[in-house]
Amino acid sequence: MEKTLLICVGCQKGGTDWLANYFDHHPEIRGGLMKEMEVFSVHFLEQFSNYFDVKISEAELLNAFDDPDLNMSPGAHVDRLKRQASSLRRLRELSARIPDYAAYYRELMDEPPGVDLAYDISPNYAALTAEHWREIRGVLEAQGIACRLMLVMRDPVDRIVSAWRMARRKNARMAAARKLDAIARMRRTIRRSYFQLQMRATGGPDAAFLNFAMDEINLLRSRYDATIRALEEVFPAEHIHYEFFETLFSPKAIERIARFLDIGYLPAPLGARINSSPAAEPILPDSMAKLREALDPTYAFCAERFGRDRIVALWPNCCTPLKARIPGTIDAAEPMVDASRS
């Protein structure tokens, strides 16, 4: 087998943490510095130009924060964050020149005992264009590395709602860390007052959800039609693999992925839940309907591409009226319908 890099382009909140955990335990595949390298996002997309700087600042701030969500000692937590900050600095360097990224993976796969397959799972890559992918393919192939692409798709509306819950949880965690500093606490009070005034002016918390959901990058993470068109313009069909989040956690899905990557089948912990978001308050029907309308091209494309009956069975928001509900009822890692590869 030639040296191959699997690039999983999404989707965010679509089981990518679970996939990375599976790959990390597979002897035939090797991960990079971090699960989400995000080198291409920072290199090509203006919205991510300061991504690594922000992540490094967050890691340094959280050094002094005893996170109750982590099952580890405070010392181990600090060591983990220091390693994370060091990896982020290295990734910031790699993002400056794509050939350096390719050379990094070539060296990684050549290290003893040597592997032929490595992975980069970065959901923000879903926003890359065909032009970006053409450059990426050329640079990797110049290093003797073949590309394999994988896209995991989740009901587009549910994906954004789950990402919204994750973002709120993260913001709360960072706010708790900033409480440790008196100046930061004062700034936080000012920001909270401004946020409350803004909510009253724009219609309450649901307006904040819509601002988040309608953000260009958040929408692009759910615009599988645009992602698929960009990938298929550059890569042959046999080098691209599609799965659905709703059926990812099943032996059949793992078998399909193993065949695609030409690696041995390794049973996966199908009941495990990684980075799942807790239940939250309902989102108003009007907001859900506006989001559904914005994502109509994706539902229509996927229904035509993968079969309408299949998409309707997998994605409840495809054609059913949207009601106020506590989103994320399919966060559990349980198979629903067999979504064999198209």
Self-check item: Hits in region 124-142 (condition: of a type in the set (Ser, Thr, Tyr) and buried (at least 22 other Cβ atoms within 10 Å of the Cβ))
Solution: 125
Self-check item: Within region 143-169, considering residues that are among the small types (Gly, Ala, Ser) and over 26 Å from residue 258 (Cα atoms), the one surrounded by the most Cβ atoms within 10 Å (Cβ to Cβ)
Solution: 162
Practice problem: With respect to residue 103, determine if the residue is in contact (Cβ under 8 Å) with a residue 40 or more places away in the chain and more than 19 Å from the chain's Cα centre (by Cα). | Solution: yes
Practice problem: Among what's in region 220-246 and is under 17 Å from the mean Cα position of the chain (by Cα) and of a type in the set (Val, Ile, Thr), pick the residue that is nearest to residue 160 (Cα to Cα). | Solution: 227
Quiz item: Of the residues 107, 141, which is farther than 26 Å from residue 242 by Cα and modelled with pLDDT of 95 or more?
Solution: 107
Quiz prompt | Selection status of residue 120, crowded, with 17+ Cβ neighbours inside 10 Å and charged (D, E, K, R) | solution = yes
Exercise. Could you please find all residues in region 95-133 being assigned to a helix (DSSP H, G or I), in contact with an Asp or Glu (Cβ under 8 Å, 6 or more places away or on another chain) and among the charged types (D, E, K, R)?
Key: 100
Quiz item: Does any residue of region 255-268 turn out to be surrounded by 15 or more Cβ atoms within 10 Å (Cβ to Cβ), over 22 Å from the mean Cα position of the chain (by Cα) and either modelled with pLDDT of 90 or more or closer than 30 Å to residue 134 by Cβ (or both)?
Solution: yes
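The values are calculated or read from the model by the stated rules, or taken from the named source; none is laboratory data. What you see is a predicted model; the values in this text were computed from it and never measured. FYI the Cβ positions are ideal-geometry reconstructions off the backbone, even for glycines, and counts take in every protein chain you see.
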